[in-house]
Amino acid sequence: MASQLDELAKAAYIFGYPLVYDLDEVTSQSTTPKMSYSAPVNLFGYATRLANPDDAFVSLNNDTLYTFAHCDVTNEPLVLHLPDTDDRYYVMQFVDAWTNNFAYLGRRASGTKEGVYLLAGPNWQGETPEGMILIQTPTNVFSIIGRYAVDGEADIPNVAILQQATWVTPLSRYPELPVTAGRTFGDWDVAPWNKRVPDDLAFWEKLRAWSQLFPPAAADAAFIASLAPLGLTAKESPYISADPAVAEILKAAATEGQATIEGLTKKGHVEPVNGWISAMHTFDYNLDHFGPGTIDSPEWKIPSRQMAYAVRAAAARAGLWGNHGYEAVYAFTYVDDKNEQLTGERSYVMHFDQTPPVEAFWSLTMYNMPQYYLVANSINRYSIGDRTPGIQYNDDGSLDLYIQHASPGPDRESNWLPAPAGDFRPLMRMYQPKPAVLNGDFKIPVVRRVE
């Protein structure tokens with residue numbers, strides 16, 4: 001019996017990890033000014049600068065100004081206003097508490113004209129006001145992960161105007177703007193749980209409380225019910241004075257489950273091409289909720305629900321709040337052309353016969369390991385791509401990028417992506433990818449070691 005509970009607990013950890021990781025981050029960002037774009041619940045936070053190494057968050061991009069809102073529609077719907085961006089690339093990605101991407105608005109999904117949307121919870125049954133488009137959210141707490149493309153520092157004031165015209169306000173208050181005066185961080189507990197539980201069982205208490213506050217899809221109900229022997233379906237916390245045998249099983253499962261997730265982040269669920277692991281289908285674990293801008297078709301769904309749980313956990317760990325591949329394709333690598341770990345102790349070059357085919361833009365961003373944070377360097381360059389000022393192409397139109405810790409020299413610095421002294425993991429982003437990216441015809445070149 002114990003071995004069955006061990007396996008059940010490990011499966012529960014992997015299943016519940018995205019919910020706990022997501023809501024921990026939502027709570028952190030909405031109760032403290034943790035990030036430059038943090039804001040209280042039901043208000044947008046606006047990044048006023050591009051991301052840099054001061055931002056302690058996994059796999060941040062350096063291409064866009066983040067515009068985030070963590071929302072709670074338990075009491076009433078919200079109205080979302082989006083401005084006309086005059087064809088500027090942007091995306092508003094909607095993520096539920098389980099990290100499912102359930103809707104998109106923006107250049108690809110809905111165009112760039114002004115729009116007004118009603119954001120209502122899963123149980124809301126009211127009338128949608130005239131002129132609004134309804135987006136029904138699978139969970140009452142969700143996040144809007146907004147990204148506005150920026151063409152360098154000089155373009156930031158232009159995006160700031162668009163950000164200020166991006167807002168949410170309660171339906172009962174519309175068309176008035178949201179109340180910001182007097183709103184402070186921490187004035188709204190979006191995800192309460194019993195703080196009397198010991199630290200080493202806190203994950204399980206959060207999973208118990210939050211999976212009941214924010215139920216997963218109906219298709220997951222049977223799995224949730226199977227977790228009763230672990231105390232996860234109990235109405236009151238069983239972990240304040242937990243059964244010692246069950247507590248030991250849960251603590252061991254958390255350690256083993258986390259190790260499994262860490263392994264999955266490096267392995268991925270597809271075979272590498274030129275050492276690159278495509279995350280094109282890493283966010284296909286949403287099998288149940290398809291709102292505006294999503295694509296509800298088999299090629300964008302992981303066929304096995306059990307596999308979807310594992311992929312979802314790995315995606316949360318290494319790329320929380322990443323987009324579906326049809327919005328932006330991500331790919332990452334840990335190894336060079338000799339299949340050895342990338343490290344700042346060596347120098348590398350990437351040669352592109354053809355640059356990534358996209359409708360918007362592409363970039364290559366450097367991250368350290370194991371945190372996957374942006375890397376400080378002498379020229380304050382954290383990513384490189386088709387919008388990098390001064391980037392030099394070869395006479396035949398090809399492109400060489402130099403990846404190393406020390407400068408490759410003045411004549412190559414325009415094409416240099418600085419690396420940390422230790423191990424690293426670069427990440428390629430291709431926004432609004434063209435068919436050649438989606439069907440695999442375009443292949444990212446290998447990172448070749450320079451002896």
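Bear in mind that the values in this text are calculations on the coordinates, not laboratory data. Remember, predicted model here, so these are calculated numbers, not experimental data. We place every Cβ from the backbone using ideal geometry, glycine too, and count neighbours over all the protein chains shown.
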**Report entry** Residue-span extension gain [Glu345 to Lys266] - 0.36 nm each, minus C-alpha spacing
**Finding:** 26.4 nm
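Add -39500 (n - 2.57) for each DSSP H run of 4 or more in the chain, then divide by its residues: what number comes out at 222 nm, to the nearest 500 deg cm²/dmol? Write down the numbers at each step before the final one.
On the way: 7 runs with 100 residues, N = 451.
Calculated mean residue ellipticity at 222 nm is -7000 deg cm²/dmol.
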Requested in this report: Using label points projected 7 Å from each Cα along Cα→Cβ, tell me how many nm separate Asp386 and Ser28, to one decimal.
Outcome: 3.4
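For Cα pairs less than 8 Å apart in space and 6+ apart in sequence, what is the mean separation divided by the residue count of the chain, i.e. the relative contact order in percent?
Relative contact order, the chain: 18 percent.
Remind me, relative contact order of region 20-170 in percent, using alpha carbon pairs under 8 angstrom and six or more residues apart?
Numbers: 312 pairs, mean separation 42.6, N = 151.
It rounds to 28 percent for region 20-170.
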Report task. Starting from the Cα-Cα distance between Asp353 and Tyr393, subtract it from 0.36 nm times their residue separation and give me the gain in nm to one decimal. Result -> 13.4 nm
Report summary line: PRE zone check, label point 7 Å out along Cα-to-Cβ of Asp337, amide N under 12 Å, scope region 381-408, hits none
Query raised in the report: In which sequence would Phe44, Phe352 go, from the one with the fewest C-beta neighbours within 10 Å to the one with the most?
Result: Phe352, Phe44
Report task. Express in whole angstrom the spacing between the alpha-carbon centres of region 42-121 and region 258-302. Result -> 21
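Listing Ile403, Ile240 from the residue with the fewest other Cβ atoms within 10 Å to the one with the most, what is the order? Mind dumping the intermediate values first?
Working: Ile403 27, Ile240 12.
In order of increasing Cβ crowding within 10 Å: Ile240, Ile403.
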Query raised in the report: Please identify the GluC sites (Glu not before Pro) of region 213-271 that satisfy two criteria: DSSP loop assignment and at most 12 other Cβ atoms within 10 Å. Which are they?
Result: Glu236
Query raised in the report: Once the Cβ-Cβ distance between Thr180 and Asp86 is put in as r, and R0 is 30 Å, what FRET efficiency do you end up with, to the nearest 0.05?
Result: 0.70
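To the nearest 0.05, what FRET efficiency results for Ser226 and Asp296 with a Förster distance of 30 Å applied to their C-beta separation? Write out the running numbers ahead of the final one.
Values: r = 28 Å, r/R0 = 0.92.
Efficiency, rounded to the nearest 0.05: 0.60.
For region 166-195, which trypsin sites (Lys or Arg not before Pro) are both in a DSSP coil and crowded by at most 11 other Cβ atoms within 10 Å? Intermediate results must be reported in sequence, preceding the final value.
Values: sites: Arg173, Arg183, Lys195; in loops: Arg173, Arg183, Lys195.
Those satisfying the criteria are Lys195.
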